[in-house]
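The values are calculated or read from the model by the stated rules, or taken from the named source; none is laboratory data. As the structure is a computational prediction, the values presented were derived from the model and not from experiment. Every residue, glycine among them, receives a Cβ derived from its backbone with ideal geometry; neighbour counts consider all protein chains shown.
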Amino acid sequence: MARRLFWSAIFATLCVPALAPPAFGSFHLMKIVEVFPGTSGSPNAQYVMLQMYSAGQNLVSGHFLRVYNATGGTVATFTFGANVGNGATQSTILIATAEAATLFGISKDLTMTAVLPLAGGAVCFDAIPADCVSWGNFTGDGSLLNTAGTPYESDYGLILGHAIRRDISGGTFPTLLEASDDTNNSAADFDCANTAMPKNNAGSSGSYTDGTPCPVCGNNVKEVGEVCDGTDAFACPGLCVSCNCTVAGVGALKVPATPIWGLVGFVGLVLLCGSVLVRRARSS
Amino acid sequence: MQPVRGAASPNMLVLRFALAFFGLVLLFSALVRVDIGLLDGVATGWLTNHAAAAVAAALRSLGLPAVDLGNQITLDASRFEIVANCTGIEIVGLFVAATLAFPSRWRDRFKGLAIGVPALIGLNLIRMMSLIYIGAHFARALDYGHLYVWPMLLLAAALGMWLAWARSVAGGERLVG
């Protein structure tokens with residue numbers, strides 16, 4: 001009997017925790033999956049969306065989202081005052097401004113103010129380990145709760161009207177968020193999304209599609225957010241790298257060259273008019 | 001002034017003009033490329049540095065806080081780099097080539113260059129000043145200004161000046177060849 005009790009105790013100690021659902025009733029199996037900087041018409045309609053990749057991650061009371069500026073200084077911290085109700089795996093938590101709630105017509109789970117820096121910054125959620133995403137000309141990775149790796153779109157950062165969204169197509173389940181969808185490298189983990197799709201913890205969702213598509217660096221078309229692109233020599237003659245000019249200094253621009261159509265037109269008109277003048281003078 | 005008439009047929013004269021024009025354009029392009037590629041931009045570098053200094057001085061004379069350093073100009077929070085093309089070197093080169101190639105007397109050619117080249121350089125100075133001001137204060141309008149408005153204005157000015165000169169030469173029956 002004593003031996004049976006002994007082995008039962010051993011089993012209970014070692015095996016029962018292993019059979020239980022992972023981290024049930026917690027907050028940390030969660031990732032930042034979408035960041036939206038507002039639109040040109042509603043620049044304060046910003047949000048950050050978290051998503052659980054395991055059940056029971058709704059105990060977020062006291063935990064926070066922190067926003068950083070381009071050098072890693074804290075801009076603002078938004079702390080949950082209560083848990084959220086829905087702890088189903090893959091459910092989301094929406095941290096949004098009042099303007100975003102109005103724009104998308106859904107309620108938010110935590111209110112933030114419009115403080116996302118467009119040109120460069122980062123946000124972190126204090127999961128375990130903390131999850132962070134950085135973008136643009138962000139240089140303060142050492143100040144974050146956890147590394148965000150290379151910033152997303154280091155040349156132009158966040159673009160009004162376009163969300164950045166975590167790519168969840170890798171891993172075992174291409175349509176579900178998994179731990180492996182986070183490589184701690186924002187440039188690799190996030191993509192530009194033409195349609196912003198916030199969804200709150202209750203499951204209500206909204207959407208916004210901007211009139212201009214996400215820019216594609218390297219397609220030789222100067223698109224929204226790009227200073228130049230590939231062979232777009234007018235904006236940066238010979239010096240367009242990663243869709244920006246290579247001149248040192250923030251906001252550097254180049255005075256452009258004369259476009260090729262102008263030069264060809266000039267040569268053509270000189271030849272045409274010169275010929276007419278010569279013929280006229282000789283025939284008179 | 002005694003008109004100078006040559007014996008060449010109009011077709012031959014036109015052909016000579018076209019060949020001389022293309023030849024001078026190619027020679028001019030080659031000189032620029034040799035300077036940039038082999039001589040590390042000695043000539044074009046000198047040109048861009050002086051253009052930047054001139055533009056910054058002109059902006060300062062208007063009360064704007066422009067600062068030049070080498071071939072760069074900073075105005076408020078924006079920095080601009082003056083590259084060879086910005087100096088008007090292309091348009092001046094084309095004007096010079098067209099003027100030298102036209103079958104006229106050397107005296108007329110030099111007269112055309114003496115008026116046309118400084119005028120184009122002055123107009124390009126105004127172009128750079130305005131683009132830098134627009135870039136610093138109305139960045140969204142910069143593309144429109146530099147891709148459409150100023151190229152049209154500069155090319156139209158160069159073409160207009162050359163045509164006026166060529167007409168005066170041809171009309172005065174001072175063609176040579």
Problem set entry | Hey, residue A:87 outside any helix (DSSP H, G or I), surrounded by 23 or more Cβ atoms within 10 Å (Cβ to Cβ) and modelled with pLDDT under 95 or not | no
Exercise. Looking at this structure, is residue B:159 facing another protein chain (nearest Cβ under 8 Å) and under 20 Å from residue B:20 (Cβ atoms)?
Worked result: yes
Exercise. Got a number for residues in the range A:111-135 being over 14 Å from residue A:67 (Cα atoms) and buried (at least 19 other Cβ atoms within 10 Å of the Cβ)?
Worked result: 1
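Residue by residue, here is whether (1) buried (at least 21 other Cβ atoms within 10 Å of the Cβ); (2) of a type in the set (Lys, Arg); (3) touching a residue at least 40 places away in the same chain (Cβ under 8 Å); (4) under 30 Å from residue B:16 (Cα atoms) holds:
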| position | (1), (2), (3), (4) |
| --- | --- |
| B:72 | no, no, no, no |
| B:91 | yes, no, yes, yes |
| B:95 | yes, no, yes, yes |
| B:105 | no, yes, yes, yes |
| B:114 | no, no, no, yes |
| B:119 | no, no, yes, yes |
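Working only within the range A:145-155, note down all residues that are crowded, with 21+ Cβ neighbours inside 10 Å and either closer than 17 Å to residue A:112 by Cβ or in contact with a Gly (Cβ under 7 Å, 6 or more places away or on another chain) (or both).
A:151, A:153
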Exercise. Restricting attention to the range B:2-18, does a residue exist that is among the aromatic types (Phe, Trp, Tyr) and either modelled with pLDDT of 90 or more or part of a loop (DSSP other than H, G, I, E, B) (or both)?
Worked result: yes
Problem set entry | Filtered residues of the range A:135-156 (kept if touching a helix residue (DSSP H, G or I) at 6+ places or on another chain (Cβ under 9 Å) and aliphatic (A, V, I, L, M)) | A:148
Problem set entry | Hits in the range A:63-119 (condition: charged (D, E, K, R) and under 20 Å from residue A:51 (Cβ atoms)) | A:66, A:108, A:109
Exercise. Of all residues in the range A:31-83, which are crowded, with 24+ Cβ neighbours inside 10 Å, free of Cβ contacts under 8 Å to residues at least 60 places away in the same chain and under 22 Å from residue A:143 (Cα atoms)?
Worked result: none
For this session: Report whether or not residue A:194 is closer than 17 Å to residue A:123 by Cα, at pLDDT 75 or above and surrounded by fewer than 19 Cβ atoms within 10 Å (Cβ to Cβ).
Result: no
For this session: Just name the residue that is farthest from the chain's Cα centre (by Cα) out of those in the range A:114-164 that are in a strand (DSSP E or B) and not hydrophobic (A, V, I, L, M, F, W, C).
Result: A:131
